[in-house]
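**Q** This is the structure, below, for whatever I ask next.
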Amino acid sequence: MRAALALIAGGPERVSLSAAAIVAILFVLAGHGWDLFAALFASGFVFVWAVLALIAQAAGVADGEAAAPAPKEADHG
């Protein structure tokens, strides 16, 4: 029992790792292993997409000013 408590209450990293392991074990035991895999794949895909969007924003790729051409001045002469 002491080893189990030390594993669970060992610190924030161990608590989150233990919680993730418990959730994964429960999903697999309940027969929803593929659902867990699909959720992890989708969250990883969304995370990568978000990182790419942040990099594009930091690089100025999506600036609206650069995308539109400058309006031409009317010739009044």
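**Q** Between a first residue in the stretch 34-51 that is within 18 Å of residue 20 (Cβ to Cβ) and a second residue that is in a helix (DSSP H, G or I) and open to solvent by 90 Å² or more (accessible area, probe 1.4 Å), which pairs have beta carbons less than 8 Å apart while being 6 or more apart in sequence or on different chains?
**A** The qualifying pairs are 36/28.
**Q** Restricting attention to the stretch 12-24, does a residue exist that is modelled with pLDDT of 85 or more and loosely packed, with under 10 Cβ neighbours inside 10 Å?
**A** No, the stretch 12-24 contains no residue that is modelled with pLDDT of 85 or more and loosely packed, with under 10 Cβ neighbours inside 10 Å.
**Q** Scan (1) of a type outside the set (Val, Ile, Thr); (2) at pLDDT 65 or above; (3) surrounded by 10 or more Cβ atoms within 10 Å (Cβ to Cβ) for the single condition residue 62 breaks and write down its number.
**A** (2)
The values are calculated or read from the model by the stated rules, or taken from the named source; none is laboratory data. All of these numbers come straight from a predicted model, not from anything done at the bench. Glycine also receives a Cβ, built like all others from the backbone with ideal geometry; neighbour counts cover every protein chain displayed. Only protein heavy atoms, including side chains, enter the accessible area calculation; ligands, DNA and RNA are left aside. Shrake-Rupley method; radii C 1.70, N 1.55, O 1.52, S 1.80 Å.
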